[in-house]
Amino acid sequence: MSEQMNGVLPRGVTQKKFNAAVEKFRALLGEGNVLLKAEQLIPYNKIMMSVENAAHAPSAVLTATTVEQVQGIVKICNQYRIPIWTISTGRNFGYGTAAPVQRGQVILDLKKMNRIIKIDPDMCTALVEPGVTFQQLYDYIEENKLPLMLSFSAPSAIAGPLGNTMDRGVGYTPYGEHFMMQCGMEVVLANGDIYRTGMGGVKGSNTWQIFKWGYGPTLDGMFTQANYGITTKMGFWLMPRPPVFKPFEVIFENEADIVEIVDILRPLRMAQIIPNSVVIANILWEAGSAHLRRRDYTTEPGHTPDPILEKMQKDSGMGAWNLYAALYGTQEQVDVNWKIITDAFRKHGKGRIVTQEEAGHKQPFKYRAELMSGVPNLQEFGLYNWRGGGGSMWFAPVSEARGSECEKQALLAKRILHKYGLDYVAEFIVAPRDMHHVIDVLYDRTSEEETKRADACFNELLDEFEKEGYAVYRVNTRFQERVARSYGPVKRYVEHAIKRALDPNNILAPGRSGIDLDAYATRRRAKGASSGES
Amino acid sequence: MSVDRRFVLKSMVLGGAAGVVLSRSLPVLGAPLSRSAIRPALALVGSGVAEAAFLQGARAAVGTQLQVLQMDPGLGFMLDFEQRLRAGRSLRVIGLLDDAAATLVLDLARSAGARIPWLGHHTGEAGSTRHRLLNTDLAEGCARQLSRHLHACGAGFTLDEERQGSAAPARQLAGPARNGAGSAQWAAGVGYLLATLGTRPTMMPRVSVQGTLPSGSFVSFSIEV
């Protein structure tokens, strides 16, 4: 085997050690599962963040097909101190794509571990491997005519339940809070042990995908958005397909209507009158999703001015805010809830209600209805053509489901984005008490100047929101260390104490959510190891 | 990108300071192109002016060895395309797509285990173009070739090239607008380069491209399975 010379190496790893590790990986996985050539690595280095690709370039990619291979990989990584960045389908897009958090990390791609291990149509549960996609599950359910419904994020078809849940992603059905519907994980720890959460450790148990909590501390959450293990199986609950599904939209003409929308909606969500994860999308999210392009309205640099947004509203019939929700159940249940909902909105005299019959196949209604009923589509990728240029970073602060709070966040975000010449492209995803305020910071990566501007903008969004007591629930890899600081020093201390206990060699995705033993120790030393750490 | 990491070709394209003289008849950089050296390819394109120019450029290199597949961003098309990538047959796909379609195509290519020796982002606006390339040694000479072509076309441009896996800094090339108009020639140039990728770069022909510089963003790629 010829000696490999890499321009990119993992942090602190010599070429000699790297080559030795590569030989071990090859022996374990076979030549074809150890990718080192530049043309094999480029597909993993297409990023959308405001930094050069080189900052997130992997040194190698490994593909594994079995749990035993994953165990073997962590053993080699421990021996040679090789950091690995694990992906399942790698469809994280505005949250960081497939590229590692730090330059030089070796990507462990679990796409080939793609078995649907079990779907139980009676208990409405599933157990899958990391590489399983929602499209695969959808096809399985359709082919077997199972009375079940999926919940997925907007990339739907090509994303997968394990990766999305481990990143605490959300969907649009009544099962839209995916981590809440997770039940049972199998995790390969850094020392190679296999840990099964919940009831999974009980020999002969048939309740691993039934009962979440098991006995003693419940640790599932600890492995999400974290780097304490590699999840190789995950169970989750599936919603029984309801006999009646009734999607609808409520269109609001004014930006200021967000206050009333949310305050009308909250009691309906809390009482489960509206059971699903409702979306309230602004005009630009709608426009992008409907495959409109900014240059069709203006070629002026900077943000899109309000008069143009108003013209778009007038031309397209889209609202300043567009609420999408659905009812599920028997005809009697749906009828009762429909009356409550329509009464609530009509009482306020604002909002134009659109039913599926009225909308027909019009976009974005069609794809929203599909997402709310577990039918995959790729419609929302149209957002990437709104401004173009390949830059997308999702800024996703959490908000109270209170109208005044949503308005405050919307105005703050819009002001900052406009200051940097970028558009406020946003949606709120509504749980009973909280909202995920997801803003797609779209920019042109072919422009160095605009890329720098987007970077500064994202930093300012984080800073200014933090001053108001807000923080994001998830962020792309460029900003994970920065966001970790928002959550305070004690949390970071605990996270690193766990990391030291479970992964003392710091081989599993160091830097994920800001958890990195080496960087933490360096900062502590710099600060004189005082009590606090930021 | 910091200034000290730049390799700026401005002086070359402006004044021939490096001894390169640019003219409308572009210089031959390598041996005359032999069509037998070029592998057949499938071109995956959208329906705009830039995409048409891309095809013209690719055809100028490949001739009838180029098959064309019209992009459809729907789920059905994407799943069919994925099947094609996973069919186990040798396949080379070159293309020019919008950002949304390219995001999907390139991600499906990654999952299918494809190799991507060239990934380019291109933006045209206000009489100038911007190009950002991420490529491999296979594309050696292509950025320079493209910059010469862009200069000959007359539109102002910037071109950044990152070489995957290289410790070397990104290369930055630029040229001023000379005639204020510009056209989709840049896309023809990219099509030609992608069609000939892996062969020695040679004279890039100018093709007859209708209309003015199309504004918008595009992604070019070469996918190999």
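The values are calculated or read from the model by the stated rules, or taken from the named source; none is laboratory data. Worth saying up front: this structure is predicted, and the values here are computed from it rather than measured. Cβ atoms come from the backbone with ideal geometry, glycine included; neighbour counts cover every protein chain shown.
Go through (1) over 11 Å from the mean Cα position of the chain (by Cα); (2) assigned to a helix (DSSP H, G or I) for B:Thr129 and report which single condition fails.
(2)
I need the full set of residues from region A:353-385 which are in a loop (DSSP other than H, G, I, E, B), more than 9 Å from chain B (Cβ to nearest Cβ) and in contact (Cβ under 8 Å) with a residue 60 or more places away in the chain, in order please.
Residues of region A:353-385 in a loop (DSSP other than H, G, I, E, B): A:360-364, A:373-378.
Narrowing further to those that are more than 9 Å from chain B (Cβ to nearest Cβ): A:360-364, A:373-375.
Residues satisfying the conditions are A:Gln363, A:Pro364, A:Ser373, A:Gly374, A:Val375.
Mind listing whichever residues of region A:488-513 are assigned to a loop (DSSP other than H, G, I, E, B) and under 29 Å from A:Ala54 (Cβ atoms)?
Pass one, region A:488-513, residues assigned to a loop (DSSP other than H, G, I, E, B): A:488, A:503-507, A:509-511, A:513.
A:Asp503, A:Asn505, A:Asn506, A:Ile507, A:Ala509, A:Pro510, A:Gly511, A:Ser513 - these are the residues of region A:488-513 that are assigned to a loop (DSSP other than H, G, I, E, B) and under 29 Å from A:Ala54 (Cβ atoms).
Against the conditions (1) outside the structural domain of A:Leu150 (by TED's automatic domain parsing); (2) on the phi < 0 side of the Ramachandran plot; (3) surrounded by fewer than 24 Cβ atoms within 10 Å (Cβ to Cβ), where does A:Trp85 fall short? Just the number, please.
Of everything listed in (1) outside the structural domain of A:Leu150 (by TED's automatic domain parsing); (2) on the phi < 0 side of the Ramachandran plot; (3) surrounded by fewer than 24 Cβ atoms within 10 Å (Cβ to Cβ), A:Trp85 misses just condition (3).
Do you know which residues across region A:82-100 are within 13 Å of chain B (Cβ to nearest Cβ) and farther than 20 Å from A:Ala154 by Cβ?
A:Ala99 - this is the single residue of region A:82-100 that is within 13 Å of chain B (Cβ to nearest Cβ) and farther than 20 Å from A:Ala154 by Cβ.
Select from region A:159-176 the residues that are over 22 Å from A:Gly229 (Cβ atoms) and not small (Gly, Ala, Ser) and list them in ascending order. Talk me through it step by step, then tell me what you get.
Just the residues of region A:159-176 that are over 22 Å from A:Gly229 (Cβ atoms), to begin with: A:170-176.
Of everything in region A:159-176, those that are over 22 Å from A:Gly229 (Cβ atoms) and not small (Gly, Ala, Ser) turn out to be A:Val170, A:Tyr172, A:Thr173, A:Pro174, A:Tyr175.
Condition first: under 29 Å from A:Phe134 (Cβ atoms) and either within 12 Å of another protein chain (Cβ to nearest Cβ) or assigned to a helix (DSSP H, G or I) (or both). Can you find one or more residues in region A:9-28 that meet it? Before you say what the answer is, go through the steps one by one.
Step one: list which residues in region A:9-28 are under 29 Å from A:Phe134 (Cβ atoms), which gives none.
Taking every residue of region A:9-28 in turn, none turns out to be under 29 Å from A:Phe134 (Cβ atoms) and either within 12 Å of another protein chain (Cβ to nearest Cβ) or assigned to a helix (DSSP H, G or I) (or both).
Looking at (1) of a type in the set (S, T, N, Q); (2) more than 14 Å from chain B (Cβ to nearest Cβ); (3) touching a residue at least 12 places away in the same chain (Cβ under 8 Å), can you tell me which one A:Asn45 breaks?
Failing condition for A:Asn45: (2).
Okay, residues lined up against (1) acidic (Asp, Glu); (2) part of a loop (DSSP other than H, G, I, E, B); (3) touching a residue at least 60 places away in the same chain (Cβ under 8 Å):
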residue	(1), (2), (3)
A:Asn164	no, no, no
A:Tyr175	no, yes, yes
A:Met180	no, no, no
A:Tyr195	no, no, no
A:Met199	no, no, no
A:Ile210	no, yes, yes
A:Gly214	no, yes, no
A:Gly221	no, no, no
A:Asn227	no, yes, yes
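Among the numbered conditions (1) more than 11 Å from the chain's Cα centre (by Cα); (2) more than 25 Å from A:Tyr384 (Cβ to Cβ); (3) hydrophobic (A, V, I, L, M, F, W, C); (4) crowded, with 20+ Cβ neighbours inside 10 Å, tell me where B:Ala167 comes up short.
(4)
Output the number of residues of region B:127-137 satisfying the condition of being at the interface with chain A (Cβ under 10 Å from one of its Cβ atoms) and over 15 Å from A:Asn53 (Cα atoms).
Residues that pass the stated criteria total 3.
Filter region A:488-497 down to the residues that are more than 14 Å from A:Gly511 (Cα to Cα) and either touching a residue at least 24 places away in the same chain (Cβ under 8 Å) or among the charged types (D, E, K, R) (or both) and list them by number.
Restricting attention to region A:488-497, the residues satisfying the condition of being more than 14 Å from A:Gly511 (Cα to Cα) are A:488-491, A:493-494, A:497.
Listed by number, the residues that qualify are A:Pro489, A:Lys491, A:Tyr493.
Closer than 28 Å to B:Ala152 by Cα, over 12 Å from the mean Cα position of the chain (by Cα) and not aromatic (Phe, Trp, Tyr): does that describe B:Val105? Don't jump to the end; show me each part of the working.
Working: closer than 28 Å to B:Ala152 by Cα: no; over 12 Å from the mean Cα position of the chain (by Cα): yes; not aromatic (Phe, Trp, Tyr): yes.
When the stated conditions are applied, B:Val105 does not pass them.
Looking at this structure, is B:Arg171 closer than 20 Å to B:Thr196 by Cα and touching an Asp or Glu at 6+ places or on another chain (Cβ under 8 Å)? Break it down stepwise before answering.
Values: closer than 20 Å to B:Thr196 by Cα: no; touching an Asp or Glu at 6+ places or on another chain (Cβ under 8 Å): yes.
Here the answer is no, as B:Arg171 does not meet what is asked.
Is it fair to say B:Ala52 is within 14 Å of another protein chain (Cβ to nearest Cβ) and either under 15 Å from the mean Cα position of the chain (by Cα) or in contact (Cβ under 8 Å) with a residue 12 or more places away in the chain (or both)? Talk me through it step by step, then tell me what you get.
Values: within 14 Å of another protein chain (Cβ to nearest Cβ): no; either under 15 Å from the mean Cα position of the chain (by Cα) or in contact (Cβ under 8 Å) with a residue 12 or more places away in the chain (or both): yes.
Taking the combined requirement at face value, the residue does not satisfy it.
Look through A:Ala38, A:Ala60, A:Ala54 and report the one residue that is small (Gly, Ala, Ser), within 23 Å of B:Glu161 (Cα to Cα) and either at pLDDT below 95 or in the same structural domain as A:Arg453 (by TED's automatic domain parsing) (or both).
A:Ala54 is the lone residue from the list that is small (Gly, Ala, Ser), within 23 Å of B:Glu161 (Cα to Cα) and either at pLDDT below 95 or in the same structural domain as A:Arg453 (by TED's automatic domain parsing) (or both).
Residues that are at pLDDT 85 or above and not in a helix (DSSP H, G or I): does region B:13-29 have at least one?
We begin by selecting, within region B:13-29, every residue at pLDDT 85 or above; these are none.
No - not one qualifying residue is present in region B:13-29.
So B:Thr129 ticks every box in (1) surrounded by 24 or more Cβ atoms within 10 Å (Cβ to Cβ); (2) farther than 24 Å from A:Glu450 by Cα; (3) touching a strand residue (DSSP E or B) at 6+ places or on another chain (Cβ under 8 Å); (4) among the β-branched types (Val, Ile, Thr) but one. Which box is left unticked?
(2)
Can you find, within region B:138-191, the residue that is nearest to A:Asn53 (Cα to Cα) among those that are within 10 Å of another protein chain (Cβ to nearest Cβ) and of a type in the set (Ser, Thr, Tyr)?
Ranking the qualifying residues of region B:138-191, first place goes to B:Ser166.
Being part of a helix (DSSP H, G or I) and facing chain A (nearest Cβ under 10 Å) is the filter here; which residues of region B:104-126 pass it?
Going residue by residue through region B:104-126, those that are part of a helix (DSSP H, G or I) are B:104-111.
The answer is B:Leu104, B:Leu106, B:Asp107, B:Leu108, B:Ala109, B:Arg110, B:Ser111.
Give the residue that is farthest from B:Leu193 (Cα to Cα), with candidates limited to residues of region B:132-142 that are hydrophobic (A, V, I, L, M, F, W, C) and assigned to a strand (DSSP E or B).
B:Leu134
Does any residue of region A:298-311 turn out to be farther than 30 Å from A:Met113 by Cβ, in contact with an Asp or Glu (Cβ under 8 Å, 6 or more places away or on another chain) and at pLDDT below 95? Even if it seems obvious, please write down each step before you answer.
Applying the first criterion (farther than 30 Å from A:Met113 by Cβ) to region A:298-311 yields A:298-311.
With in contact with an Asp or Glu (Cβ under 8 Å, 6 or more places away or on another chain) added as a condition, the list becomes A:299, A:303-304.
Subset that is at pLDDT below 95: A:299.
Within region A:298-311, one or more residues are farther than 30 Å from A:Met113 by Cβ, in contact with an Asp or Glu (Cβ under 8 Å, 6 or more places away or on another chain) and at pLDDT below 95.
Do we have A:Val490 as under 20 Å from A:Tyr228 (Cα atoms) and of a type in the set (A, V, I, L, M, F, W, C) here? If you could, list the steps in order and put the result at the bottom.
Values: under 20 Å from A:Tyr228 (Cα atoms): yes; of a type in the set (A, V, I, L, M, F, W, C): yes.
Spelling it out, A:Val490 is indeed under 20 Å from A:Tyr228 (Cα atoms) and of a type in the set (A, V, I, L, M, F, W, C).
Residue by residue, here is whether (1) part of a strand (DSSP E or B); (2) within 14 Å of another protein chain (Cβ to nearest Cβ); (3) surrounded by fewer than 24 Cβ atoms within 10 Å (Cβ to Cβ); (4) of a type in the set (Lys, Arg) holds:
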residue	(1), (2), (3), (4)
A:His291	no, yes, yes, no
A:Arg295	no, yes, yes, yes
A:Pro301	no, yes, yes, no
A:Glu310	no, no, yes, no
A:Gln313	no, no, yes, no
A:Ala325	yes, no, no, no
A:Ile340	no, no, yes, no
A:Phe345	no, no, yes, no
A:Lys350	no, no, yes, yes
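Report yes if some residue within region B:84-95 is over 15 Å from the mean Cα position of the chain (by Cα), closer than 23 Å to A:Ala157 by Cα and within 8 Å of another protein chain (Cβ to nearest Cβ); otherwise report no.
Among the residues of region B:84-95, not one is over 15 Å from the mean Cα position of the chain (by Cα), closer than 23 Å to A:Ala157 by Cα and within 8 Å of another protein chain (Cβ to nearest Cβ), which makes the answer no.
Among the residues of region A:135-169 satisfying the criterion of being at positive phi and modelled with pLDDT of 95 or more, which is surrounded by the fewest Cβ atoms within 10 Å (Cβ to Cβ)? Break it down into steps so the answer makes sense when it comes.
Our first condition is that a residue be at positive phi; within region A:135-169, this holds for A:145, A:156, A:168.
With the extra rule that they be modelled with pLDDT of 95 or more, the set shrinks to A:145, A:168.
Values: A:Lys145: 8, A:Arg168: 17.
Filtering region A:135-169 for residues that are at positive phi and modelled with pLDDT of 95 or more, the one surrounded by the fewest Cβ atoms within 10 Å (Cβ to Cβ) comes out as A:Lys145.
Can you tell me which of B:Ala101, B:Ala167, B:Ala87 is assigned to a helix (DSSP H, G or I) and not polar (S, T, N, Q)?
On the way: B:Ala167 fails: assigned to a helix (DSSP H, G or I); B:Ala87 fails: assigned to a helix (DSSP H, G or I).
Answer to the selection: B:Ala101.
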